[in-house]
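I am attaching a structure below and will ask some questions about it afterwards.
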Amino acid sequence: MSYLVNNLKTVPTGLSKVLYLNWALLLLITAVASYGFLMLFSVAGGDVDPWASAQAKRFGVGFVAMLIIAFVPIWFWRNVAAVFYLIALALLFGVEFFGEINMGAQRWIDLGFMRLQPSELMKIALVMVLAAYYDWLEPGKVSHPLWVLVPLLIISVPMLLVLKQPDLGTALLLGLGGVILMFLAGVNLIYFGVVIVAAAGLISVVIFSRGTTWQLLKDYQYRRIDTFLDPASDPLGAGYHITQSKIALGSGGWNGRGFMQGTQSRLNFLPENQTDFIFTTLAEELGFVGGLTLMGLYALIIAFCVASAITNRDRFGSLLTLGIAATFFLFFAVNMSMVMGMAPVVGVPLPLVSYGGTAMIVLLIAFGMVQSAHVHKPR
């Protein structure tokens, strides 16, 4: 009996950590990324440049980083969570002074070798610091008003900074991701009822502020909401992109038009078909079957993360894994809902598939922490 107890308390060391990697999760991540390489090759007209080759290189760098992070003990990530959050917060403040402006938004910092989007870092930093907070906090204090206020402040500050860029989609993802982690940590449901009522009130204020001197959203953001509610109201203007997206989705049918045979993407009817609307191109060319296959891969990634978290008796590792899984889910759920006309267009990329350096590398770093929690969980 004593041998079994001691064995359960051990964690792998040295090269034995390779055996404890979640290999199924690694294969699923690679499969989804490969889907992305194919679609980026397609939207470039059958050329690896400018998107597929760059994306593959970033995936390679991120994959190596993921493996390195996986071998670092999970307690290290717990200890640096607050520092990582403060660095991400400082970078968000830095965007205000040194950020590049592109298409009316100030979201990036040019580092020379790459353009960094600090809001992507914050998605992971927020999960880390909240998981560390609830690991530190005694279970009996989780629902105490004072200790509920702390995570709300941790969530609100980066949300406001991202909203100012402006980036409504990422701000909403930060808020939703943070609230979900609070729920997973065991915060009393009464607080979530209050949040729902407050959110309804905020939505009302946002609507009534339109056209006033204290208008809360940008004009283009209101137009996106109008388009979501009634795309046909301006089919050649604000509703054009979502209308074309629906046409492409429908024309794919069951089996699709064929790889590199999509007319909507080939003839440039779709905007940003290498980033926000890449799922539309995929569905047009590979059909319902291709889209459902990608969704199945995403679902399996979530399932493996949840299974790892449930079997992990380390509270930080479990909450971190569930928080990253929730953030990953929000990524693809919002993107797919957006291109299907089920949600306003908010500029959220399709994870591991859409073209983008920061989003790809940060997501792989996050999965490296999931692997770290899995490898170093007590056995």
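The values are calculated or read from the model by the stated rules, or taken from the named source; none is laboratory data. Keep in mind it's a predicted model, so treat the numbers as computed, not measured. Backbone-built Cβ (ideal geometry, glycine too); neighbour counts: all protein chains shown.
Any residue in the range 306-314 that is surrounded by 15 or more Cβ atoms within 10 Å (Cβ to Cβ), among the basic types (Lys, Arg) and at pLDDT 80 or above?
No, because not a single residue in the range 306-314 is surrounded by 15 or more Cβ atoms within 10 Å (Cβ to Cβ), among the basic types (Lys, Arg) and at pLDDT 80 or above.
Something else about it: What is the residue count in the range 37-62 for residues that are in contact with a Leu (Cβ under 6 Å, 6 or more places away or on another chain), touching a residue at least 40 places away in the same chain (Cβ under 8 Å) and not in a loop (DSSP other than H, G, I, E, B)?
Within the range 37-62, residues that are in contact with a Leu (Cβ under 6 Å, 6 or more places away or on another chain), touching a residue at least 40 places away in the same chain (Cβ under 8 Å) and not in a loop (DSSP other than H, G, I, E, B) number 3.
Out of SER337, SER372, report the one residue that is crowded, with 24+ Cβ neighbours inside 10 Å and among the small types (Gly, Ala, Ser).
SER372
Next question. Name every residue in the range 138-164 that is outside any helix (DSSP H, G or I) and touching a residue at least 24 places away in the same chain (Cβ under 8 Å), in order of residue number.
Matches in the range 138-164: VAL142, SER143, LYS164.
Let's see how each residue does on (1) more than 19 Å from the chain's Cα centre (by Cα); (2) of a type in the set (S, T, N, Q); (3) surrounded by 16 or more Cβ atoms within 10 Å (Cβ to Cβ); (4) at pLDDT below 90:
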residue: SER16; (1), (2), (3), (4): yes, yes, no, yes
residue: ASN22; (1), (2), (3), (4): yes, yes, yes, no
residue: LEU28; (1), (2), (3), (4): no, no, yes, no
residue: ALA33; (1), (2), (3), (4): no, no, yes, no
residue: PRO50; (1), (2), (3), (4): yes, no, no, yes
residue: LYS57; (1), (2), (3), (4): yes, no, no, no
residue: PHE63; (1), (2), (3), (4): no, no, yes, no
residue: MET66; (1), (2), (3), (4): no, no, yes, no
residue: ALA70; (1), (2), (3), (4): yes, no, yes, no
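So which of VAL370, VAL362, VAL334, VAL353 is under 28 Å from ILE247 (Cα atoms) and part of a helix (DSSP H, G or I)?
On inspection, the qualifying residue turns out to be VAL334.
For the range 251-273, check the following and say yes or no: at least one residue is buried (at least 19 other Cβ atoms within 10 Å of the Cβ), closer than 22 Å to ALA333 by Cβ, at pLDDT 75 or above and not small (Gly, Ala, Ser).
no
List every residue pair whose Cβ atoms lie under 6 Å apart, where the two residues are 6 or more positions apart in sequence or sit on different chains, the first residue falls within the range 167-187 and is buried (at least 21 other Cβ atoms within 10 Å of the Cβ) and in a helix (DSSP H, G or I), and the second residue, located anywhere, is of a type in the set (S, T, N, Q) and at pLDDT below 90.
Pairs found: THR170/SER119.
Follow-up question, since we're still on this one. Considering each of GLY357, GLY347 in turn, give the residue that is touching a residue at least 12 places away in the same chain (Cβ under 8 Å), within 24 Å of PRO166 (Cβ to Cβ), touching a Lys or Arg at 6+ places or on another chain (Cβ under 7 Å) and surrounded by fewer than 22 Cβ atoms within 10 Å (Cβ to Cβ).
The conditions single out GLY357.
Working carefully through the options GLU100, GLU120, GLU138, find the one that is surrounded by 20 or more Cβ atoms within 10 Å (Cβ to Cβ) and acidic (Asp, Glu).
Within the list GLU100, GLU120, GLU138, the selection yields GLU120.
Any residue at all in the range 173-181 that's in contact with a Phe, Trp or Tyr (Cβ under 6 Å, 6 or more places away or on another chain), aliphatic (A, V, I, L, M) and on the phi < 0 side of the Ramachandran plot?
No.
Ok, one more. Do we have VAL370 as of a type outside the set (Gly, Ala, Ser) and either farther than 26 Å from VAL64 by Cα or at pLDDT 90 or above (or both) here?
So VAL370 passes the test.
May I ask you to list pairs of residues, at least six apart or on different chains, whose Cβ atoms are under 7 Å apart, with the first in the range 107-130 being within 15 Å of GLY347 (Cβ to Cβ) and outside any helix (DSSP H, G or I) and the second being modelled with pLDDT under 75 and aliphatic (A, V, I, L, M)?
Sorted first by the residue in the range 107-130, then by its partner, the list stays empty.
Kindly evaluate LEU282 against the criterion of being assigned to a helix (DSSP H, G or I) and in contact (Cβ under 8 Å) with a residue 24 or more places away in the chain.
yes
Right, something else. If ARG210 meets every condition in (1) surrounded by 12 or more Cβ atoms within 10 Å (Cβ to Cβ); (2) modelled with pLDDT under 85 apart from one, which number is that one?
(2)
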